[in-house]
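J.: First, the structure itself, so that you have it in front of you.
The values are calculated or read from the model by the stated rules, or taken from the named source; none is laboratory data. Everything numeric here is computed off the predicted structure, so don't read it as measured data. No Cβ is skipped: glycine too gets one built from the backbone with ideal geometry, and neighbour counts run over all protein chains shown.
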Amino acid sequence: MAELKSSETGSNDFLEDFNDRSENVFRDPSQVESLKPVGLKVKIEVNKNRKHAALIGHGYTPTQGFIFNKVVKTRESGKDELVWQTINPSEYAHEVNFTDKANENIIYLKLVNGDVKKMVRNDGVWSEAEKLTVNINWDESSEEHYFNQCTRVESKCRTYRPKNSYPVKRVVYQDPASGSEKTIWVTEDSKEYSHEVSVLSVTKINNEYPDKHVCILQENNNYLLFLRDRILNNWVDITKTRIKMSKLHFFHGLKRLAPEEYEVKYEFLRFHVRLKTPCNKVKYDRKKLIKKPITKAIINLSDSVIIFGNNGETLFKILFRHLENVAGDLPETAEKFDEYGLRTKVVFIK
């Protein structure tokens, strides 16, 4: 299925494991400089000679000591079509993938700098497609994304997850007034790419759930949060009014727990923290939040609340406020106890 043409440069000293397809393994430029660039020529028929490429799923990675700097597609007629090429080492590809064997006109490239390119063939010419995009008005899975929906009481959450470890670079919505597609968020920085987009709709009215929040989950539990402005009919970035996971610290006595001593999972605009070792104190940006033994914490981004618990018992709830909270975003109440008798503390953050 593939034969390769090599160019003259580099050495064969390469020890990275390409099996971990979710990570960018090229953090040191010298790793790329030691590799020999080769061109991947993709054919329809199977070619057993894969000296410089290893077959993975629906695509290829280079074998030890090599890296892709060019991709050529050979049609049934025998005609070669240039899909992509580069002379920039930071843009070499460490994976070439065909997500759908039935569609030979789409090829994905994973670059060593963390970027992902989607190449599309139109009228015999290959070019880079628009950024990998999620439209939050979609209500079903697509070629590129899985779709899921969950309903809880008077709220509903839709999630979009990319297939094949490819990241989201752009999030859009369909403007009901004009019918046109408008951008909520877009990035070209690979450190900001998203691997999940959540949309929370609340307050059931006439069997409809108006969209309220969009959360764009990034690496290392970073995220962006947007609030729907129903008057201006647009989305407002309110990320700075919410809890930053990097400022939330857990302690046992004076010892601050290391990241491997607790587990963080994200689901439907909530971070679930499970403590693996004893914890009896939690701080946020030097502010003490709680000084009791806990085994878990739930951070709710939509309400800007943290709930602490010890095994099956719920202990404490903290409502976070910010000077720039937008009207209508958070509950207005600042009562010390909620309807379940759970004590609530209000903390101001900046």
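J.: Determine which member of the set Asn207, Asn148, Asn221 is surrounded by fewer than 15 Cβ atoms within 10 Å (Cβ to Cβ), at positive phi and outside the structural domain of Leu330 (by TED's automatic domain parsing).
T.: None of the other options fit; the residue is Asn207.
J.: Additional query: Can you list the strands (runs of 3 or more DSSP E) lying wholly within the stretch 277-332 that have 2 or more residues being among the β-branched types (Val, Ile, Thr) and over 15 Å from His252 (Cβ atoms)?
T.: In the stretch 277-332, the matching strands (runs of 3 or more DSSP E) lie at 294-300, 305-310, 313-322.
J.: Something else now. Anything in the stretch 115-135 that is more than 15 Å from the chain's Cα centre (by Cα), at pLDDT 80 or above and among the hydrophobic types (A, V, I, L, M, F, W, C)? List them, or say none.
T.: Met119, Val120, Val125, Trp126 - these are the residues of the stretch 115-135 that are more than 15 Å from the chain's Cα centre (by Cα), at pLDDT 80 or above and among the hydrophobic types (A, V, I, L, M, F, W, C).
J.: I would also like to ask the following. Being of a type in the set (Val, Ile, Thr), touching a Lys or Arg at 6+ places or on another chain (Cβ under 9 Å) and within 26 Å of Gly114 (Cβ to Cβ), is that true of even one residue in the stretch 214-226?
T.: yes
J.: Would the stretch 260-281 turn up any residue that is surrounded by fewer than 20 Cβ atoms within 10 Å (Cβ to Cβ), among the basic types (Lys, Arg), out of contact with any Leu (no Cβ under 7 Å at 6 or more places or on another chain) and not assigned by TED's automatic domain parsing to the domain that holds Leu323?
T.: no
J.: Tell me the residue from Lys317, Lys288 that is surrounded by fewer than 16 Cβ atoms within 10 Å (Cβ to Cβ), at pLDDT below 95 and of a type outside the set (A, V, I, L, M, F, W, C), please.
T.: Lys288
J.: Return the residues of the stretch 178-208 that are at pLDDT 85 or above and of a type in the set (S, T, N, Q); say none if nothing qualifies.
T.: Residues satisfying the conditions are Ser180, Thr183, Thr187, Ser194, Ser198, Ser201.
J.: Just wondering, is there one or more residues in the stretch 175-182 that are of a type in the set (S, T, N, Q) and under 11 Å from the mean Cα position of the chain (by Cα)?
T.: Taking every residue of the stretch 175-182 in turn, none turns out to be of a type in the set (S, T, N, Q) and under 11 Å from the mean Cα position of the chain (by Cα).
J.: Another question, if that's okay. Given the conditions (1) within 23 Å of the chain's Cα centre (by Cα); (2) more than 26 Å from Lys350 (Cβ to Cβ); (3) modelled with pLDDT of 95 or more, and given that His272 satisfies all but one, which numbered condition is not satisfied?
T.: Unmet condition: (2).
J.: Suppose the filter is under 30 Å from Ser90 (Cβ atoms) and either touching a residue at least 12 places away in the same chain (Cβ under 8 Å) or in contact with a Cys (Cβ under 9 Å, 6 or more places away or on another chain) (or both); does Val202 pass it?
T.: Spelling it out, it is not the case that Val202 is under 30 Å from Ser90 (Cβ atoms) and either touching a residue at least 12 places away in the same chain (Cβ under 8 Å) or in contact with a Cys (Cβ under 9 Å, 6 or more places away or on another chain) (or both).
J.: Name the residue that is modelled with the lowest pLDDT, counting only residues in the stretch 30-56 that are under 28 Å from the mean Cα position of the chain (by Cα), surrounded by 12 or more Cβ atoms within 10 Å (Cβ to Cβ) and outside any strand (DSSP E or B).
T.: Gln31
J.: Output the residue which, of all residues in the stretch 62-113 that are in contact (Cβ under 8 Å) with a residue 60 or more places away in the chain and of a type in the set (Ser, Thr, Tyr), is nearest to Lys36 (Cα to Cα).
T.: That would be Tyr92.
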